[in-house]
1. Would you mind getting me the FRET efficiency between ASP338 and ASN304? Use the beta-carbon distance for r and R0 = 22 Å, nearest 0.05.
2. Can you compute the modelled spin-label distance between TYR252 and GLU62, with each label point 7 Å from Cα toward Cβ, in nm?
3. Once each part is reduced to its C-alpha centroid, what is the distance from region 140-203 to region 59-98 in angstrom?
4. Counting DSSP beta bridges in the chain, what percent are antiparallel, to the nearest 5?
5. Out of the total accessible area of the chain (probe 1.4 Å, heavy atoms of protein only), what percent is carbon and sulfur?
6. Dimensions of the chain along principal axes (Cα, Å, largest first)?
7. For n ≥ 4 DSSP H runs only, could you compute -39500 (n - 2.57) per run for the chain, divide by its residues and tell me the 222 nm figure to the nearest 500?
8. Provide the net charge surrounding GLY320, with neighbours chosen by a C-beta distance below 14 Å and charges set as Lys +1, Arg +1, Asp -1, Glu -1.
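The values are calculated or read from the model by the stated rules, or taken from the named source; none is laboratory data. Keep in mind the model is a prediction, meaning the values are calculated, not measured. Heads up, the Cβs are rebuilt from the backbone with ideal geometry, glycines too, and the neighbour counts pull from every protein chain shown. All accessible areas refer to the heavy atoms of the entire protein, side chains included, with ligands and DNA or RNA removed. Shrake-Rupley method; radii C 1.70, N 1.55, O 1.52, S 1.80 Å.
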Amino acid sequence: MTYEQLIGRHKSEIDTPALLLDMDVAEANIRRMAEFFRGRECKLRPHAKTHKLPRIARRQLEAGAVGITCAKLGEARVFQEAGIGSILIANEIVGVTKIRALVRLMCEGDVTVCVESLENAADLSAAAAEGGVVAPILVEVNVGLNRCGVPPGKPALELVRGISRLPNLRFCGLMGYEGGLFLKNLEEKARRCREANRLLVDTRRLIEGDGFEVQIASAGGSNTFALTGTYPGITDVQVGSYVSMDDHNREYGLDYGQAVTVVATVISRPEPGRAVTDAGMKSLSTDAGLPVCVEPGLTVSALNEEHGHLRVHGREIRAGDKIEIIPRHGCTTIPLFDRYFILRRDHVESVAEIRARGASQ
Ligand SMILES: Cc1ncc(COP(=O)(O)O)c(C=O)c1O
């Protein structure tokens, strides 16, 4: 059956393994998050690296987001070509080839990038001058994640002072992602989140005290939005996973609807209590642990490349049966697929190519 012929059909007719997106659930998640932020000082700048789909980004913007976030230049290009206006690349773009490509995107629209060193800022300023643009930038501050970013406080201020002397850059503010803080002890999580937010906002105040305007102080993710999004002085939150959801975020307390699942077929029933599906780790990521089955009585016990091992408890299941599986980590499972089968009430509404899939350059 062609994808066109699948439109309107029940999801059980989709060949497997396949990525399903329940659009009613995704839209409800978008509305719910937007509602949380309505009337607050802090806004949403959803991270599109999770869903990778311009259609969802548009819904997030319609619901009030101030822009979207991307991890990579390639992702930003896909979203810009799809007409998404305001894009933050929450990452450093280094090296002449990439910087020139970034400047080309900046010539086309509103694209902001992070920097953490004066050398990178100088390269960007030079390329922006060549391209005839002024590049909007955020200084990335390391607020405890120990990934990228300049240390908070004085080193960040020194970098802003240096940037202010470069001709083709516009300093717009700070980015300080605190990491997921996947902690079960909620007091500990809140304490560490506030500490990270404090480092960012104190740095903001220090820079403002030196006479620079800080329009943006961007931070946070799906698992910290309620903490970071209410911390005074944070301007926007880069929530990604909440739209599609996954088992990892659910385990750590995020009770949003599960919009994305992987449908698999049982291909073998070698012995009672054991079944094998056609969805292995090339269809379901394992970086955060094993995925879980939607239906009770089935547990994913291991994944090979193209085989999924299930334990079957107290229920019947046969070769040919289809089962739905909740990804353990949506951000790394979604880009394993070329397309989403978009569902409404269990029927295929459309088939959407995941164009930002593989856009890791
Ligand atoms: C820079 C940045 N912002 C925000 C996020 C939040 O993403 P999520 O909401 O999926 O946890 C991430 C996740 O890796 C990130 O790297």
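1. 0.55
2. 3.1 nm
3. Between the Cα centre of region 140-203 and that of region 59-98, the gap is 20 Å.
4. 50 percent
5. Percent of accessible area from carbon and sulfur atoms in the chain: 49.
6. Here the spans come out as 70, 45, 37 Å, largest first.
7. Rounded to the nearest 500, it is -9000 deg cm²/dmol.
8. Spelling it out: positives minus negatives among the neighbours equals -2.
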